[in-house]
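These notes are about the structure you will find just below.
The values are calculated or read from the model by the stated rules, or taken from the named source; none is laboratory data. The structure presented is a predicted model; accordingly, all values stated were derived computationally and were not measured. Glycine also receives a Cβ, built like all others from the backbone with ideal geometry; neighbour counts cover every protein chain displayed.
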Amino acid sequence: MTAINIKEATEISLEIGRMLLQSGATTNRVERMMRKVSEVFGYQHTEAYVTPTGIFISVSDSQTQLNTSIRRIENRRTDLGKITRVSHLVSELEQQSCREGQCRLSAADFMRKLAEIDNAKDYPAWFTVFCGGLTSGCFCLLFGGSWAEFAVAYAVGILVSLALRLLGLLQINNFLLNILGAALVVTFAKLIDLGVPNIALDNIIIGGIMLLVPGLSFVNAIRDTMSGDLVSGTARAVEAVFIAVAIAAGSGVMLKLWELWGY
Amino acid sequence: MQFIWAALSILGFSIRVNLKGWKILLLALGGGLSWGLYLIFLYYSNSLLFSIFCAVILVCSYSEIVARLIRVPVSVFVTCVIIPLVPGSSLYYAMQGFIAGNSALASEHTYKVLLISGTIAMAIAVVSSVTNIMFRLRNRF
């Protein structure tokens, strides 16, 4: 049974907010979670303000104590599994008796649990790459491809997932990453097309592009706007539009280059 | 058959975004449902936007219910199940039209992309507002 002081409560809320936001949770959820956590620790008057690129929180229990912190968020990616696990942790915390700042878990324990979630094992790399192939292959079938095209789309999906992983190591920005990804989809599809006769490129390229389409930004933009978080809603909508433009530009340029080359 | 392809592709997608356990099977079912419902509505109504609207509404209701039952954030579910309906193919054809200098084709498909994404947005908004209201009413009484 240890009390959690205001610095630690702020730190824990910020950490939870950072993890949720970096794995792509909606603004409303991040704010609610952060408020809930500091309420559990006994700080009732907490305000959190979250945008896609930064978190502001001020934790206070009464007029005497007030602690405000800001954290900048970078490197956003999609990790829905992490969102689920953090949410479970928070609701667990809420259920266990935690009256007036006296908690069974100390701040250090809680931070250790969060770090555990943060560093939890992903699927092995070969498995996610394999599933990238499965996704693009099945989308190819869905849009009316044949079995031969399924095989080619499968190979393209695997190659592109691999390439995206390698590009991710370079830490280039999202826009450039999508341009390069789309360009690579077209390149791989064309290269395989040279060796294999009688396949239509359209479905294969669409299958590959579906791997890059900004579904999460799009859904989050809508949900944010609906819950009244206009700043993040607009920012995420613009992000989705930019990614869509990047995909179109990348694949377009590459198709044109191949055409000029003479294939 | 189409149902299975959609389900399998969502299975792959949900593993790529690092979800674990048997809930990815439910997600795959949702993805399959969204495409299947879309095809059924398209067959009976012959209207692209109407069928997308109805499919998204039904699938979002499905995911609101199932996500609450298995205690997963709803947005996680909704994101994954609408992926098959996202207009990736129209985006590609629009781009191809631009490159070929065929602006009629290009603008037709760009228009389609905007309309489809607008429709999906509207359907998601409707479902999430309705569930919000339902929860508020249930809390009051």
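Taking the criterion of being more than 17 Å from A:L21 (Cα to Cα) and hydrophobic (A, V, I, L, M, F, W, C), the residues of segment A:47-75 that qualify are A:V59, A:L66. Residues of segment B:52-99 that are within 12 Å of another protein chain (Cβ to nearest Cβ), under 17 Å from B:K112 (Cα atoms) and in contact (Cβ under 8 Å) with a residue 60 or more places away in the chain: B:V56, B:I83, B:P84. On the given criteria, is A:L14 touching a residue at least 24 places away in the same chain (Cβ under 8 Å), away from chain B (no Cβ under 14 Å), of a type outside the set (F, W, Y) and under 29 Å from A:I222 (Cα atoms)? When the stated conditions are applied, A:L14 passes them.
A single member of A:T64, A:T46 is touching an Asp or Glu at 6+ places or on another chain (Cβ under 9 Å) and free of Cβ contacts under 8 Å to residues at least 40 places away in the same chain, and it is A:T46.
Criterion first (more than 14 Å from every other protein chain (Cβ to nearest Cβ), in contact with a Ser or Thr (Cβ under 8 Å, 6 or more places away or on another chain), of a type outside the set (K, R) and closer than 23 Å to A:R223 by Cα) does B:L49 satisfy it? When the stated conditions are applied, B:L49 passes them. Looking across segment A:248-263, the residues that are surrounded by 15 or more Cβ atoms within 10 Å (Cβ to Cβ), more than 7 Å from chain B (Cβ to nearest Cβ) and aliphatic (A, V, I, L, M) come down to A:A249, A:V253, A:M254. For segment A:208-226, the set of residues classified as of a type in the set (G, A, S) and at pLDDT below 80 consists of A:G215 only. Please tell me if B:Y111 is of a type outside the set (S, T, N, Q), more than 29 Å from A:V30 (Cα to Cα) and loosely packed, with under 15 Cβ neighbours inside 10 Å. Yes. Go through segment B:115-141 and count every residue that is surrounded by 13 or more Cβ atoms within 10 Å (Cβ to Cβ), hydrophobic (A, V, I, L, M, F, W, C) and farther than 23 Å from A:C140 by Cβ. So the answer is 9. Do the conditions hold for A:I243, that is, is it under 28 Å from A:L159 (Cα atoms) and either within 11 Å of another protein chain (Cβ to nearest Cβ) or not in a helix (DSSP H, G or I) (or both)? So A:I243 fits the description; yes. Could you tell me which residue of segment A:25-45 is modelled with the highest pLDDT, considering only residues that are part of a loop (DSSP other than H, G, I, E, B) and surrounded by fewer than 22 Cβ atoms within 10 Å (Cβ to Cβ)? Applying the filter and picking the extreme gives A:H45.
One line per residue, one yes/no per condition, for (1) more than 10 Å from every other protein chain (Cβ to nearest Cβ); (2) in contact with a Phe, Trp or Tyr (Cβ under 6 Å, 6 or more places away or on another chain); (3) not polar (S, T, N, Q):
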{"residue": "B:G101", "(1), (2), (3)": "yes, no, yes"}
{"residue": "B:H109", "(1), (2), (3)": "yes, yes, yes"}
{"residue": "B:I120", "(1), (2), (3)": "no, no, yes"}
{"residue": "B:V126", "(1), (2), (3)": "no, no, yes"}
{"residue": "B:N132", "(1), (2), (3)": "no, no, no"}
{"residue": "B:F135", "(1), (2), (3)": "yes, no, yes"}
{"residue": "B:R138", "(1), (2), (3)": "yes, no, yes"}
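Scanning segment A:142-173 for residues that are small (G, A, S) and part of a helix (DSSP H, G or I) yields A:A148, A:A151, A:A153, A:A155, A:G157, A:S161, A:A163, A:G168.
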